[in-house]
Amino acid sequence: MAKIIALFIALVVECLFQCPEVSGGSEKERLVRDLTANYVASVEPDNAVLKFGLSFICSTYDRTSHLLITNAWEKMTWTDTRLSWSPEDYNGTEFIRLPSHLVWLPDMTLYNSMTPTVERLSTNVVVGHDGSMIWVPPTIYRTLCDEDEDGSGLNCQFRIGSWTYDADILRLEEASVEETSYLSTCPLSLESANASVHTTHYACCKEPYSHAEINARFKLQK
């Protein structure tokens with residue numbers, strides 16, 4: 001019995017130095033565990049720079065209330081180096097997809113919304129090995145528009161920016177708009193749209209705040 005025990009111990013010691021490492025799950029599962037083990041999603045990344053884009057999908061308008069309801073896709077890109085890795089360490093994995101609640105997200109808000117909150121679908125965030133983040137959530141905006149006197153069209157504005165992060169913490173570098181995804185079957189026709197970045201100082205705070213300003217022109221059906 002003593003010889004058997006000694007042989008078993010010898011095999012265990014040899015395996016500690018020579019046996020291949022065995023771990024449960026795939027390389028992507030190991031990567032996600034490694035990335036999120038000490039990650040704090042409530043803390044913003046250092047030197048955060050954001051690019052914001054909006055793709056119009058479909059809009060409807062109520063002539064009585066002047067309320068415009070817009071279905072759109074937001075596109076936000078930024079870098080979070082806390083979520084970076086070397087692909088060669090994880091079987092060449094260059095991208096993963098994480099539920100949005102697991103990572104820090106820019107708190108972009110529609111300033112001129114007619115409802116307290118913006119309806120935004122919690123889609124996955126695509127994370128690149130260099131820490132690049134891409135988030136494209138479908139969203140619904142409710143805003144007021146200026147109607148032409150002859151009732152032929154609408155001029156609408158969307159002001160979208162961070163609710164709590166000033167421009168020194170989260171810098172909005174770029175704003176863009178895309179019209180080609182707009183559905184031809186919608187009640188309103190999207191005639192034109194443009195986007196720009198604006199930085200404002202508010203009476204409450206000494207820090208500057210940046211927001212995207214998107215102007216859209218719609219044609220009304222008579």
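The values are calculated or read from the model by the stated rules, or taken from the named source; none is laboratory data. These figures come from a predicted structure and were not determined experimentally. Heads up, the Cβs are rebuilt from the backbone with ideal geometry, glycines too, and the neighbour counts pull from every protein chain shown. Keep in mind that these areas ignore ligands, DNA and RNA; they rest on the heavy atoms of the full protein, side chains included. Shrake-Rupley method; radii C 1.70, N 1.55, O 1.52, S 1.80 Å.
Counted by Cβ distance under 12 Å from residue 140, the other residues give a net charge of 0, where Lys and Arg count +1 and Asp and Glu count -1. Lys-Lys pairs in the chain that are eight or more residues apart or on separate chains and whose Cα atoms lie under 30 Å of each other come to 7.
Residue separation of residue 126 and residue 67 scaled by 0.36 nm, minus their Cα-Cα distance, works out to 17.9 nm of gained length.
Note on residue 205 and residue 88: the model spin-label points, each 7 Å out from Cα along the C-beta direction, lie 4.3 nm apart. Among [x] 100, 45, 28; [y] 79, 53, 38; [z] 66, 39, 34, which is the computed Cα extents along the principal axes in Å? Answer label, from the structure shown: [x]. Backbone phi angles across segment 128-141, fed through the Karplus curve with coefficients 6.51, -1.76 and 1.60 (θ = phi - 60°), yield HN-Hα couplings of x, 5, 8, x, 5, 10, 10, 10, 10, x, x, 8, 10, 9 Hz in residue order; Gly and Pro are listed as x.
For segment 195-222 versus segment 95-146, the spacing of their alpha-carbon centroids is 17 Å. Ranking 163, 78, 73 by solvent-accessible area of protein heavy atoms (1.4 Å probe, all protein chains present), from largest to smallest, gives 163, 73, 78. On C-alpha positions alone, give me the angle between the axis of helix 2-18 and the longest principal axis of the chain, in degrees, nearest 10. Computed tilt is about 40 degrees.
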